[in-house]
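The values are calculated or read from the model by the stated rules, or taken from the named source; none is laboratory data. This structure is a prediction, so every number in the text was calculated from the model and none was measured. A quick note on method: Cβ atoms are made from the backbone with ideal geometry, for glycine too, and the neighbour counts reach across all protein chains shown. These accessible areas exclude ligands, DNA and RNA; they are computed on the full protein's heavy atoms, side chains included. Shrake-Rupley method; radii C 1.70, N 1.55, O 1.52, S 1.80 Å.
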Amino acid sequence: MATETSMTATGFGGEDIVRDYIAKYSNWGRWGEDDQLGALNYVGPEQIKAAAGLVRQGRVVSMSLPYDLFGPQVGAFRANPLNLMTATGTDYLSGHQDPLPADWGPAYTFGFADDVIVMPNQAGTQWDSLGHIFFEGKMYNGFDAGMVSAKGAERCSIVATRERFIMRGVFLDVARHNGVEALEPGYAINPADLDANRPELFKEAFTGDGTAINSGAFDSLPTAEFKQRIVAWLAEHEVAAIATDTWGCEVRPNEIELFQPLHIVALVHMGLHFGEIWDLEPISADCAADGVYEFMLSAAPLPITGAVGSPLNALAIK
């Protein structure tokens, strides 16, 4: 495990930039020494009631990819979800379910289907929990990385957020605003891009937004492009969570030597949950059609004990 001493001794490109932003925007201790919610603390009863007031059309748009073998994983780090049928209609029709299992007796005309899924928790549309990333031996709020063991995360697991991902959603369609289907690979979205998208949504202080940002392509979304203050934009708007259509919410390759620097500053130190691999094409088309770029966001994770990430079905309710 790398320590602060060893990292300082060896150094890495962009170290001073990262440390400067950590010093300016860290939320460690802001909501108490045992806090595991981070920026989700911005969302309280008033924010949830305001989000519910955005439901005017009674229309729901999913922002999650299907969980199947045709998902986004290429096998280098994670595998795509595999759904295995353990009982089927063909079993039933062929008589293999009579008698019923578990000593339940004769089937008569009863039959059933059942299945099991095998997948990494972050294989598709997902939330990163605050226990997902470490820096200098620590995760969010200064909890020791050793608190995530083979038994799971003792602190900052996804379970801590199981009732928290209800908020106003704001959709920033950077790709469409720039007149393209997809941003060029390596394009680093900056605060000017975000400010130019639906500026009317940020005229008032809407603390606690969940902000979805569309690039139209994987690996082209906000980077730790610190010189252009993407971190400052997120902090100043008091964004509760960020979601993108990319696998890591960061431009690839990273613009400084340190791997995934936005995770280190925003997730580990600001406590900002990252939503990754969201399917934003349907909401892009929907918002373009009706001109409504804010909605009630419902995106609860599965309460998997000790997990540091979770699949979900993210819903925009308009």
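Can you work out ³J(HN,Hα) from phi for every residue in the range 127-144, in order, using Karplus 6.51 cos²θ - 1.76 cosθ + 1.60 and θ = phi - 60°, giving whole Hz and x for Gly and Pro?
Taking θ as phi minus 60°, the curve returns 10, 7, 7, 6, x, 7, 10, 10, 9, 6, x, 10, 10, 3, 6, x, 5, 5 Hz for the range 127-144.
Using DSSP to define loop residues, name the chymotrypsin sites (Phe, Trp or Tyr not before Pro) in the range 51-107 whose beta-carbon has at most 11 other beta-carbon atoms within 10 Å.
Filter output for the range 51-107: 70, 77, 104.
Can you give me the solvent accessible area of residue 109 with a 1.4 Å probe, rounded to the nearest 10 Å²?
120
Which order do 155, 30, 56 take when ranked by solvent-accessible area (1.4 Å probe, heavy atoms of all protein chains), largest first?
Values: 155 70, 30 120, 56 175 Å².
Largest accessible area first, the residues go 56, 30, 155.
Could you compute the net charge surrounding residue 178? Neighbours are other residues with a C-beta less than 12 Å from the C-beta of residue 178; K and R count +1, D and E count -1.
Summing Lys and Arg as +1 and Asp and Glu as -1 gives -3.
What's the carbon and sulfur percent of the chain's accessible surface, probe 1.4 angstrom, rounded to a whole number? Display every interim value, and only then the final one.
On the way: 8280 of 14900 Å².
Carbon and sulfur: 56 percent of the exposed surface of the chain.
If amide hydrogens are placed 1.01 Å from N in the peptide plane, which non-local residues have theirs closer than 5 Å to the one on residue 309?
129, 158
Which of 158, 147, 58 sits closest to the plus end of the dipole of the range 9-159, meaning its Cα is farthest towards the positive end, when Lys and Arg get +1 and Asp and Glu get -1 on the C-beta?
Farthest towards the positive end: 58.
Remind me, relative contact order of the range 1-133 in percent, using alpha carbon pairs under 8 angstrom and six or more residues apart?
Values: 93 pairs, mean separation 28.6, N = 133.
Dividing the mean separation by the residue count of the range 1-133 yields 22 percent.
Using the Kirkwood radius over C-alpha pairs as Rh, can you work out the diffusion coefficient of the chain via Stokes-Einstein at 10 °C, viscosity 1.306 mPa s, in µm² per second? Before the final figure, lay out the partial values.
Numbers: Rh = 20.9 Å.
Result for D is 76 µm²/s.
Dipole magnitude of the chain about its Cα centre, charges +1 at Lys/Arg Cβ and -1 at Asp/Glu Cβ only, in debye to the nearest 20?
Rounded to the nearest 20 debye, it is 480 debye.
Angle check, please: helix 281-290 long axis (alpha carbons) against the longest principal axis of the chain (alpha carbons), in degrees 0 to 90, nearest 10.
So the helix axis and the longest Cα principal axis differ by about 70 degrees.
If r is the Cβ-Cβ distance from residue 176 to residue 49 and R0 is 35 Å, what FRET efficiency results, to the nearest 0.05? Please report the intermediate quantities before stating the final value.
Details: r = 30 Å, r/R0 = 0.86.
Computed FRET efficiency for residue 176 and residue 49: 0.70.
With a 1.4 Å probe and every protein chain left in place, work out the accessible area per residue of the chain in Å², rounded to a whole number.
On the way: 14900 Å² over 318 residues.
On a per-residue basis, 47 Å².
Among DSSP beta bridges whose residues both lie in the chain, state the antiparallel percentage, nearest 5.
For the chain, the DSSP antiparallel bridge percentage is about 70.
For the chain, compute the number of Lys pairs whose alpha carbons are separated by less than 19 Å, excluding pairs fewer than 8 positions apart on the same chain.
So the count of such lysine pairs works out to 4.
So what is the relative contact order for the chain, in percent, with contacts set as C-alpha pairs under 8 Å and at least six apart?
Value for the chain: 30 percent.
Kindly express, to the nearest 10 degrees and within the range 0 to 90, the angle between helix 15-25's C-alpha long axis and the longest C-alpha principal axis of the chain.
The helix 15-25 is inclined about 80 degrees to the chain.
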